[in-house]
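Nothing in this text is a laboratory measurement; each read-out follows from the coordinates by a stated rule. Just so you know, these numbers come straight off a predicted model, no measurement behind them. Cβ atoms come from the backbone with ideal geometry, glycine included; neighbour counts cover every protein chain shown.
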Amino acid sequence: MSIYKVIGRPAAGSLIAEFLLTEAKQKYEFKYISPEECKETDFLKVQPFGKIPVLICPNGNSIFETMAITSHLVEQFPQLAPPKGSYERDLQWQYLSLMATSIYLGYHRQFYSHYYAPKEVSKEVGEIASDQREVGYSYLEKVLCPYLLGDKPMAVDFYLFMISRWDPNIKALTEDKPKLSEFIKNMRSHNSVVSVLNSHK
């Protein structure tokens, strides 16, 4: 029987696919791909920008971009999200969009600022990106209760945990965000998270 295949690298954006597949109790294969391999012709046919992650579905179809992958898995495995038609379902997409466009992209703009601006202004680009992330995190701090959609973690929470792992100074990030600090602590000990992270050690 065919299973999902996650193409990515440990601790990168491919974590969301692994977290959600594990939470949905789905077997999958993890395929490591190096930055050099991402530039090869065969991979560029699948992902034109040469970025990870890429999710290969059991039927052979491929999906890239973390939001698209998350959306696919939420649709395939309803237990990962609130019921369709509910307000919580709308909030899920709102929070995911905020994280993908403001926080996730903010990290990318800081750590890969050469993609966005000349080298001489890369420091300023990083500072602006950091400020934008802070706005996003401060908003999420207000809505955590203790998770983003209530009292149990769903797909959107695994996404938030993933991006928080990339922060260069998590202590400073959570210093004035007690709910985010507790959230990260709780997610770090979640069975699906522990299983995925241990698989890459």
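Each part reduced to its alpha carbon centroid, the range 45-72 and the range 155-185 end up 25 Å apart. If you sort the three axes of the alpha carbon gyration tensor as a ≥ b ≥ c, you get a/c of 1.5 or more for the range 77-201 and a/b above b/c, which makes it prolate. Legend: distances between Cα atoms for Lys5/Lys51; Lys31/Lys51; Lys152/Lys177; Lys84/Lys179; Lys5/Lys201; pairs beyond 21 Å are Lys84/Lys179. For the peptides 147-153, 23-29, residues were scored by their other Cβ atoms within 10 Å and the scores averaged per peptide; the highest-first order is 147-153, 23-29.
Note down the magnitude of the dipole of the range 27-71 about its Cα centre, charges +1 on Lys and Arg C-beta and -1 on Asp and Glu C-beta and zero elsewhere, to the nearest 20 debye. Don't skip to the end; give the middle numbers.
Working: 5 positive and 6 negative charges, 25 e Å.
The dipole magnitude comes to about 120 debye.
Of all DSSP-defined beta bridges confined to the chain, some 60% are antiparallel rather than parallel. Please say if the range 150-201 is rounded, prolate or oblate, where rounded means a/c under 1.5 for a ≥ b ≥ c the square roots of the C-alpha gyration tensor eigenvalues, and otherwise the choice is prolate for a/b larger than b/c and oblate otherwise? Oblate, since a/c reaches 1.5 and b/c is not below a/b.
The Cβ shell under 9 Å around Ile56 holds other residues with a net charge of +1, Lys and Arg each +1, Asp and Glu each -1.
Once fully extended, how much extra length lies between His114 and Lys152, figured as 0.36 nm per residue of separation less the alpha-carbon to alpha-carbon distance? Extending this stretch completely gives an extra 9.8 nm. With θ taken as phi - 60° and the Karplus curve 6.51 cos²θ - 1.76 cosθ + 1.60 applied, the whole-hertz 3J(HN,Hα) list for the range 127-138 is 5, 5, 4, 5, 5, 5, 4, 4, 4, x, 5, 5 Hz, x standing for glycine and proline.
What number, rounded to the nearest 500 deg cm²/dmol, is the helix-based mean residue ellipticity at 222 nm of the chain, given -39500 (n - 2.57) per DSSP H run of at least four residues and division by all its residues? Before the final figure, lay out the partial values.
On the way: 10 runs with 102 residues, N = 201.
Taking each H run of at least 4 residues, the total per residue is -15000 deg cm²/dmol.
Relative to the Cα centre, the charge distribution of the range 1-151, modelled as +1 at Lys and Arg Cβ and -1 at Asp and Glu Cβ, gives a dipole magnitude of about 300 debye.
Ordered by packing density, taken as the mean number of other Cβ atoms within 10 Å over each peptide's residues, highest first, how do 83-90, 102-109, 187-194 rank?
Details: 83-90: 10.9, 102-109: 19.8, 187-194: 15.2.
Most protected by this proxy first, the peptides run 102-109, 187-194, 83-90.
Glu29 sits among other residues whose Cβ lies under 13 Å from its own Cβ, and their net charge, with Lys and Arg +1 and Asp and Glu -1, is +2.
For the range 33-126, just say rounded, prolate or oblate: build the C-alpha gyration tensor, square-root its eigenvalues into a ≥ b ≥ c, call rounded for a/c under 1.5, and beyond that prolate if a/b exceeds b/c, oblate if not. Oblate shape, in that a/c is at least 1.5 and b/c is the bigger or equal ratio.
This model, with +1 at the C-beta of Lys and Arg and -1 at the C-beta of Asp and Glu, gives the range 157-201 a dipole about its Cα centre of some 160 debye.
Using θ = phi - 60° in the Karplus curve 6.51 cos²θ - 1.76 cosθ + 1.60, the 3J(HN,Hα) couplings for the range 104-120 round to 4, 5, x, 4, 5, 5, 6, 7, 10, 4, 5, 6, 10, 7, x, 4, 5 Hz; x is entered for Gly and Pro. Applying a DSSP loop filter and a limit of 14 other Cβ atoms within 10 Å to the GluC sites (Glu not before Pro) in the range 102-201 leaves Glu175.
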